[in-house]
Ligand SMILES: [Zn+2]
Ligand SMILES: [Zn+2]
């Protein structure tokens with residue numbers, strides 16, 4: 001009989017450890033051998049000895065951490081390629097979260113576990129879509145694991161933004177969006193909606209937008225917001241990290257319409273408290289319905305939840321005849337890098 005994944009995949013203080021493979025997944029402390037699901041700072045930590053990830057994730061890690069800290073030795077694994085590590089067959093499958101994000105599929109003696117990392121099920125022009133893999137244990141996040149979190153259609157949110165731009169053609173639209181994934185997705189969604197004017201960037205976003213373009217994600221005409229004169233920014237779209245939207249940086253703009261693109265914008269008080277005039281509910285994480293649909297798609301009798309609102313999800317899993325287990329891994333979702 002195939003061994004149960006709990007005998008060979010263990011939550012440890014520094015992250016999930018695959019015993020017969022001798023590697024960690026998204027370890028939160030420096031380890032000998034790490035597989036990284038994606039480049040967000042709470043999953044991709046510096047200082048590992050050996051790093052295995054998708055080509056894009058390795059490039060993102062290098063860009064964010066610098067050559068020396070992104071792993072002493074690095075190995076790229078192509079989508080669909082199977083690599084034997086110790087006694088385990090490992091492969092990567094797209095997670096649909098940000099460019100390069102992958103689920104880690106592990107097969108050991110007829111038993112299969114899949115670690116999703118962060119994921120979403122909606123279309124995103126900047127990355128490959130999530131592919132469900134049938135497994136015995138599915139390890140999921142639960143960032144938006146409450147029934148109240150049902151993200152609206154992305155197109156509807158983009159239409160809201162375009163409508164505001166037509167109502168206030170003179171005002172700059174300042175969009176707060178996280179540096180890895182969300183800002184590039186916002187740009188790509190605007191381009192897909194036919195917006196082809198230059199888009200202005202906060203300096204903190206330049207490097208990753210350039211890297212996305214190098215990796216084949218066309219983002220159109222991007223310009224630095226810092227050197228543009230105030231008049232050039234009238235009626236323009238400006239993208240900045242959410243932290244910059246709230247601080248002095250935003251004062252360089254004349255009477256901006258302040259928007260923030262985040263799943264948390266679903267919480268109205270949160271939008272109001274941060275002075276957001278135009279909340280855009282656009283998330284790179286699965287909402288409640290997507291979490292439940294995924295559980296059904298992967299057909300796993302047992303679901304392990306790494307972080308987020310695990311209690312409500314585990315209760316719901318029980319009602320669906322699944323076993324839910326909270327791993328309560330420390331260190332994920334803290335960075336506020338990726339909602
Ligand atoms: Zn995360
Ligand atoms: Zn993430």
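The values are calculated or read from the model by the stated rules, or taken from the named source; none is laboratory data. Quick caveat, the model's predicted, so the values are computed rather than measured. Every residue, glycine as well, gets a Cβ built from its backbone with ideal geometry; the counts of neighbours run over all protein chains shown.
In the condition set (1) modelled with pLDDT under 95; (2) within 16 Å of ligand 2 (Cβ to nearest atom), residue 67 is compliant with all but (2). The residues of the stretch 58-97 that are buried (at least 19 other Cβ atoms within 10 Å of the Cβ) and out of contact with any strand residue (DSSP E or B) (no Cβ under 8 Å at 6 or more places or on another chain), listed by number, are 59, 60, 64, 96, 97.
Per-residue answers, yes or no, for (1) in contact with a helix residue (DSSP H, G or I) (Cβ under 7 Å, 6 or more places away or on another chain); (2) within 16 Å of ligand 1 (Cβ to nearest atom); (3) part of a strand (DSSP E or B):
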position: 68; (1), (2), (3): no, no, no
position: 74; (1), (2), (3): yes, no, yes
position: 89; (1), (2), (3): no, no, yes
position: 97; (1), (2), (3): no, yes, no
position: 105; (1), (2), (3): no, no, yes
position: 127; (1), (2), (3): no, yes, no
position: 135; (1), (2), (3): yes, no, no
position: 147; (1), (2), (3): yes, no, no
position: 158; (1), (2), (3): yes, no, no
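In the stretch 230-239, the count of residues that are modelled with pLDDT of 95 or more, more than 16 Å from ligand 1 (Cβ to nearest atom), within 24 Å of residue 59 (Cβ to Cβ) and buried (at least 21 other Cβ atoms within 10 Å of the Cβ) is one or more. The set of residues in the stretch 2-23 that are closer than 20 Å to residue 84 by Cβ and in contact (Cβ under 8 Å) with a residue 24 or more places away in the chain comprises 2, 3, 5, 8, 9, 16, 18, 20, 21, 22, 23. Within the stretch 124-133, is even one residue assigned by TED's automatic domain parsing to the domain that holds residue 268, within 16 Å of ligand 2 (Cβ to nearest atom) and at pLDDT 95 or above? No, the stretch 124-133 contains no residue that is assigned by TED's automatic domain parsing to the domain that holds residue 268, within 16 Å of ligand 2 (Cβ to nearest atom) and at pLDDT 95 or above. Of the strands (runs of 3 or more DSSP E) lying entirely inside the stretch 168-281, the ones with 1 or more residues being touching a residue at least 40 places away in the same chain (Cβ under 8 Å) and more than 22 Å from residue 38 (Cβ to Cβ) are found at 173-176, 199-201, 237-240, 257-261, 278-280. Entry remark, the stretch 87-111: residues being under 12 Å from residue 18 (Cα atoms) and without any contact (Cβ under 8 Å) to a residue 40 or more places away in the chain number 3 in total.
Kindly establish whether residue 80 is in a loop (DSSP other than H, G, I, E, B), within 16 Å of ligand 2 (Cβ to nearest atom) and within 21 Å of the chain's Cα centre (by Cα). Considered against the rule, which asks whether it is in a loop (DSSP other than H, G, I, E, B), within 16 Å of ligand 2 (Cβ to nearest atom) and within 21 Å of the chain's Cα centre (by Cα), residue 80 comes out as no. Going through the stretch 282-325 one residue at a time, which ones are at pLDDT 95 or above, closer than 16 Å to residue 137 by Cα and either within 16 Å of ligand 2 (Cβ to nearest atom) or assigned to a strand (DSSP E or B) (or both)? 291, 294, 302, 303, 304, 305, 323, 324, 325, listed by residue number.
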